[in-house]
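Every number here is computed from the coordinates shown, using simple stated rules; none is lab data. On a predicted model such as this, the values are computed, not experimentally measured, just so you know. Virtual Cβ from ideal backbone geometry, glycine too; neighbours counted across all protein chains shown.
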Ligand code: ADP
Ligand code: MG
């Protein structure tokens, strides 16, 4: 559509940010092709350094409304001059960095078991979509399980099925030894305290008319009989946990940055001491330096609060860095699952190899090795 008026200049504002690695690679290839074929000039805006490195010959780095450096992309990546650029590059997760094998989990009882779980939607044309198709996996206490896959592969549907926000077509969800598939009413409400969901977009997850204090205090008002004063004390405790100033309770969401808002969402999710957090693309809307902070913070929080995570992401480098085990999804099915090191070093399926190849196109090693060329 943008090309229909035969423009000379195309301004692409975060054109691949919401896309999974496979589609991102295709779109970036397309932009490169258009530049060649149509002699098009492109200004590409992105917080993804890898994407910039793939298309831009020159780039400018913005910080607090100013261009802090500008030059040949290769030069800037090889020898960043500004402090901010250095920090930004350091924060990019590296899919080829050595793995910290100490993160391998010690065997412990499963907190969550999913057996033969399916969700089928009927389509308007009379067909059906197998959003989740006979999925089996378990998550041990204290573990971080990563779920990766292209968009539409069924990742979010799994999260919603586990939480019983939608009804499965078949199969079982066993949480802490209890089959919760048939629960309803009060027992389901009580069970939900132990599992919480954090969404991709912290901007839309918070009500703009409610203060941060109200947002964090909400679970207590709904789920507990605490007095106002006790709720205030809990809000202070949670702001401390997510490392935000206590005075933030009086602020409104628009007065916070993306990373701060995501911390508020996490504070609200851990308010009632859940055992399991389901994080659905929790850093996908954040830029890399904020993402690095949120990831480090999630690691600390797991230790501090004895949490177990299911971490859904289309960013393979992030999953590799954070997760103990990984599950690869395609079209509602599990393609393979295993320890992070095994999946990334020796994937057994072509599908996984393809995903990894797409991710490597814009990976840190891809753009740092450009310097050699
Ligand atoms: P992901 O999170 O991996 O991007 P989703 O779990 O959101 O994928 O979706 C999986 C599939 O299920 C997609 O094909 C999607 O279009 C379909 N789907 C999800 N929700 C519904 C719904 N309410 N009705 C019909 N199809 C749906
Ligand atoms: Mg999703």
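Can you sort 125, 204 by how many other beta carbons sit within 10 Å, fewest first?
So the ranking, lowest neighbour count to highest, is 125, 204.
Quick one: among 224, 348, 118, which has the greatest mean-square fluctuation in a GNM of the chain with alpha-carbon springs under 10 angstrom?
Per the Cα network of the chain with a 10 Å cutoff, 224 tops the list.
Subtract the Cα-Cα distance of residue 223 and residue 203 from 0.36 nm times their separation in residues, and report this length gain in nm to one decimal.
4.8 nm
Please give the peptides 265-275, 69-79 ranked by average Cβ packing (other Cβ atoms within 10 Å per residue), highest first, as a rough proxy for protection.
Descending mean neighbour count gives 265-275, 69-79.
Using a Gaussian network model of the chain whose springs link C-alpha atoms within less than 10 Å, name the residue from 47, 203, 64 with the highest mean-square fluctuation.
64
Take every Cα-Cα distance within the range 63-209, group them into 5 Å bins from 0 onward, and report for each bin the whole-number percent of pairs it holds.
Bin by bin from 0 Å, the calculated values are 2, 7, 12, 13, 13, 13, 11, 9, 7, 7, 5, 2, 0.
Give me the Kirkwood hydrodynamic radius of the range 225-304 in Å, from all C-alpha pairs, to one decimal place?
Its Kirkwood hydrodynamic radius stands at 13.4 Å.
For q values of 0.13 Å⁻¹, compute log₁₀ I(q)/I(0) with the Debye formula on a Cα-only model of the range 256-373, without solvent.
So the normalised log intensities are -0.60.
So how much slack lies between residue 348 and residue 365, counting 0.36 nm per residue of separation and subtracting their Cα-Cα distance, in nm?
Here the answer is 3.8 nm.
Apply the Debye scattering formula to the chain, with a single equal point scatterer on each alpha-carbon and no solvent, then give log10 I(q)/I(0) at q = 0.07, 0.14, 0.15 Å⁻¹.
-0.35, -1.29, -1.41
Kirkwood Rh, the range 179-274, all Cα pairs: how many Å?
Its Kirkwood hydrodynamic radius stands at 13.9 Å.
How big is the range 322-364 in terms of Cα radius of gyration and Dmax, in angstroms?
Answer for the range 322-364, Rg first and Dmax second: 10.3, 30 Å.
Pop a pseudo-label 7 angstrom from the Cα along the beta-carbon direction at both residue 214 and residue 254 and give the gap in nm to one decimal.
Result for the modelled spin labels: 1.4 nm.
For the range 9-99, divide the Cα radius of gyration by the Kirkwood radius and give the resulting Rg/Rh value with two decimals.
Over the Cα atoms of the range 9-99, Rg/Rh equals 0.97.
Sorted from fewest to most neighbouring beta carbons within 10 Å, what does the list 314, 194 look like?
194, 314
Among DSSP beta bridges whose residues both lie in the chain, state the antiparallel percentage, nearest 5.
Just about 55 percent of them are antiparallel.
Once both labels are modelled 7 Å past Cα along the beta-carbon direction, what's the residue 75-residue 336 spacing in nm?
With each label point 7 Å from Cα toward Cβ, the separation is 4.3 nm.
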